[in-house]
Amino acid sequence: MYRAIDLFAGIGGIRLGFEQAFGDQIETVFSSEWNRFSVQTYEANFHDPFPVVGDITQIDAKDVPDHDILLAGFPCQPFSLAGVSKKRSLGRETGFEDRTQGTLFFDVARILAEKRPMAFFLENVKNLVSHDKGNTFKVIMSVLEEDLGYHVHWKIVDGKHWTPQHRERIYIVGFRDDVPFDWSRLDVPESGGTFADVMETDVPSKYTLSDKLWDYLQAYAAKHRAAGHGFGYGLVGPEDTTRTISARYHKDGSECLVRQDGMNPRKLTPRECARLQGFPDSFEIPVSDTQAYRQFGNSVCVPAVRAVATLMRDALWTSDRSATTSR
């Protein structure tokens, strides 16, 4: 049995992917999420005997339960080099606390340092690699590999292979021991299907754009086309793959509007957003549409996470069997 903690948990998409991969061989023993609406959805779907902890920055790493796998979809923030440069000019060593203090990645690092789990899984936007001219990613990898001593592997994966949504994200996985993890073994389907596979029927009229909003979006798109920019709305039909849905979807739905014959296009429903992210229909949505759009837009492609978690599971199991055989 593996014990896991779920940091920056959102609505539990990463946890769900790992539970699908590990089955009854994984148990979540600690969860942290600061947004109260996300906590509402999380607790409606995961009935833990412990409460979701709020601000992880206020939690001492010693108070986090011992665990085997750390999960975190941490926000992307730049790191300041000023303090590091000054210390180096004085001939003083710097560690991850100096380089990452004040960022949310610091909270991941300090828990890894204190608890030394056998593995971790981190998720972020693909631009993490180029964020702050590459400095952010350089610091993250240096901390994980050099300061903390983990064997780290990363890959940008597009969720469109599992669901009909183009969604590129970076997955960073690490192991305390040098286990046989190999990205080439990742099971990537040829196609995640089409929008028809997630499309709801008999959608209420409230999701159809008003004439005013539709006119505005068309004028906005025409303005940017004339200026040579690619900004504008996206239309999707049953045969298509959607653009990436984001937390701002609740504002006007412009990144992904559904065509309707003889009518203005409509926004996705929250359930369609859930399906685009690979959440099962049994997943409860207890919040308003606005909050649901934010939550699913901020979440992960669950089956893509499941595929990576399966790869991690196999590497850990292979390592465990090898260790047992060598004794």
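Computed from the coordinates by the stated procedures, all read-outs in this text should not be read as laboratory data. Treat the numbers as computed from the prediction; the structure is a model and nothing was measured. Cβ placement follows ideal geometry from the backbone for every residue including glycine, while neighbour counts extend to all protein chains displayed.
Take the Cα pairs of segment 132-255, get the Kirkwood Rh, then feed it into Stokes-Einstein at 4 °C and 1.567 mPa s and tell me D in µm²/s.
The diffusion coefficient I find is 71 µm²/s.
Show me 132-145, 265-278 ranked by packing, highest mean number of other Cβ atoms within 10 Å first.
Packing order, densest peptide first, comes out as 265-278, 132-145.
Restricting to DSSP H runs of at least four residues, report the calculated mean residue ellipticity at 222 nm for the chain, -39500 (n - 2.57) per run over all residues, nearest 500 deg cm²/dmol.
One gets -10500 deg cm²/dmol as the mean residue ellipticity at 222 nm.
Tell me, how many Å apart are the Cα centres for segment 1-66 and for segment 227-305?
Here the two parts' Cα centres lie 25 Å apart.
List the pairs from 160/223; 62/126; 133/155; 133/223 whose alpha-carbon separation is above 22 Å, in the order I gave them.
Listed pairs above 22 Å: 160/223; 62/126; 133/223.
Can you compute log10 of I(q)/I(0) for the chain with the Debye formula, treating each Cα as one identical point scatterer, at q = 0.08, 0.10 Å⁻¹?
The computed values of log10 I(q)/I(0) come out as -0.42, -0.64.
Which percent, nearest 5, of DSSP beta bridges in the chain are antiparallel?
50 percent
Using Cα springs under 10 Å in a Gaussian network model of the chain, which residue among 191, 38, 282 shows the largest mean-square fluctuation?
Its mean-square fluctuation being the largest, the pick is 282.
Test of understanding: in a Gaussian network model of the chain with alpha carbons linked when under 10 Å, which of 27, 146, 123 would top the mean-square fluctuation ranking?
Highest fluctuation among the options: 146.
Among 18, 277, 75, which residue has its Cα positioned farthest towards the positive end of the charge dipole of the chain, with +1 placed on the Cβ of Lys and Arg, -1 on the Cβ of Asp and Glu, and the dipole taken about the Cα centre?
Most positive-ward Cα: 75.
For the chain, what does the relative contact order come out to in percent, with C-alpha contacts under 8 Å and a separation of six or more?
Once normalised by length, the contact order is 19 percent.
Starting from the Cα gyration tensor of segment 195-297, multiply each eigenvalue by 5, take the square root, and state the resulting semi-axes largest first in whole Å.
24, 14, 13
Could you please report the charge total around residue 157, scoring K, R as +1 and D, E as -1 over all other residues with beta-carbon less than 12 angstrom from its beta-carbon?
Counting the neighbours of residue 157, the net charge comes to +2.
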